[in-house]
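The values are calculated or read from the model by the stated rules, or taken from the named source; none is laboratory data. Model, not experiment: these values are computed from the prediction. Positions of Cβ are backbone-derived with ideal geometry, glycine not excepted, and every protein chain shown enters the neighbour counts. What goes into the accessible areas is simple: the full protein's heavy atoms, side chains included, and nothing from ligands, DNA or RNA. Shrake-Rupley method; radii C 1.70, N 1.55, O 1.52, S 1.80 Å.
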Amino acid sequence: MKPNKKYIAVAVIVAVLAVPLLVKMGRGESSKEVEIAVAAEQEIRPTILASGVLAYRNEVDLTSELVAKVREILVEEGDTVEQGQLLLRLDPETYRNAIDREQATRRQAVISIERQRLALALAEKRLARGEQLVAQKMIGQSEFDDLRNARDLAKVELDSSQEALRRADAILGEAREQLSKTDIRAPIGGVIVALPIKVGETAIASTNAFAGAQLMKIADTSSIQADLKVDEADVAKIALGQEVEVYAAAFPDTAITGKVEQVALAPTLENQGRSYLVTAELSPPEGLALRSGMSARADIFLGDGGTKLAVPVEAVGTEVDEDKKVTRHVWVDREGRATKVIVEVGLSDDKWEEITSGLAAGDRVIKGPAKLLRGLIEGERITEAKADDADEAEAGDAGEEAEEEAASE
């Protein structure tokens, strides 16, 4: 009697499945395949993301100190100017008239002084004659007292006239200074980057409560900086001299290197949030047409940029006990068995996490697969997965995590 082909096929399948199992049981305890990373010195560059604008390091907004019409503009936007160069003239007639008026007032004060000096000289002669007459008893004491009072009054009048002259000189000096301010000169050397006012328009003076109309803006375009806003939660990590990479909106793929130059002590309030202004000095590559006011994003690098003992970030686990105490740990391959090691960590970036204690260089740390890593048991036997197997396991973990996220959503 011939055996049934169906039964033969089933027997073959059972044999194929049973043989590897019997081999593994013959070898003893089973093991789990894991991915291994060696603890070693790595360059860790954690960053803080910030946003802001570019600004020329030295730029000045010119506003008028007077209220007057613009009579003449001697430059154009884009012109290069030197410090002290005449840029613009305001109408000086009102201030010239003020000088003429104050000069007349001064002349009156001078005339008054001359008159008071003559009056004082006459009063002193009369007093001297009165002294002789009172000694000869030709006039009474009362008349002599009147002469003395007249002399004292003449002195006071002269002093008053002299003070009036000093006041007139001060007012005249102020009027001349006001007239000089009708000529607007460059406070710094640089380029005219903005010229919003036109001939015939009225320049409005700035006050404590009111910002006057801008006449023009001058900037030294040879150097530029980034004014960045950093959240209050991150500002304590920033120190002077830290490296910065800035990406201007006009050149999103070009990293402009720089260093932190200043960190504000007082916050800026925006939309009920607090941020601190961090200024970074930039060293842009030649030919990059950067302009003040361009929006930018920046990566501020923390730490000193040196190498530190580190492991992959995915290898470090976190536990929180009943007292909310947080501990960090890694699983280490010790003679083919998983051993849990408590560690202390330092800086970290997207790839590496610094280990400050608990591990030594050369320790074999289990970094995955992630699903297996979460279920490891102390002393469990492990073997290192081959590169191809590790890639497949990593892809499988990514797929499972995606499915879990989709299911949760």
- How about segment 101-133: which of its residues are open to solvent by 100 Å² or more (accessible area, probe 1.4 Å) and within 60 Å of the chain's Cα centre (by Cα)? Arg101, Arg107, Gln108
- Query: How about segment 226-278: which of its residues are small (Gly, Ala, Ser), open to solvent by less than 50 Å² (accessible area, probe 1.4 Å) and outside any loop (DSSP other than H, G, I, E, B)?
  - Reply: Ala226, Ala248, Gly258, Gly273, Ser275
- Query: Is at least one residue of segment 356-370 assigned to a strand (DSSP E or B), in contact with a strand residue (DSSP E or B) (Cβ under 8 Å, 6 or more places away or on another chain), open to solvent by less than 30 Å² (accessible area, probe 1.4 Å) and at pLDDT 85 or above?
  - Reply: yes
- Note on the structure: Within segment 289-303, residues surrounded by 13 or more Cβ atoms within 10 Å (Cβ to Cβ) and either touching a helix residue (DSSP H, G or I) at 6+ places or on another chain (Cβ under 7 Å) or not in a strand (DSSP E or B) (or both) come out as Leu290, Arg291, Ser292, Met294, Leu302, Gly303
- Looking at this structure, is Ile382 at pLDDT below 85, among the β-branched types (Val, Ile, Thr) and part of a strand (DSSP E or B)? yes
- Could you check Ser222 against (1) over 16 Å from Ala68 (Cα atoms); (2) in a strand (DSSP E or B); (3) in contact (Cβ under 8 Å) with a residue 24 or more places away in the chain and say which number it fails? (3)
- Query: Can you pull out the residues in segment 135-160 that are of a type outside the set (Gly, Ala, Ser) and within 14 Å of Leu118 (Cα to Cα)?
  - Reply: Arg151, Asp152, Leu153, Lys155, Val156, Glu157, Leu158, Asp159
- For Asp323, all conditions in the list (1) within 29 Å of Glu380 (Cβ to Cβ); (2) modelled with pLDDT of 85 or more hold save one; what is the number of the exception? (2)
- Query: Restricting the search to segment 69-94, which residues are open to solvent by less than 80 Å² (accessible area, probe 1.4 Å), part of a strand (DSSP E or B) and farther than 13 Å from Lys181 by Cα?
  - Reply: Glu72, Ile73, Val81
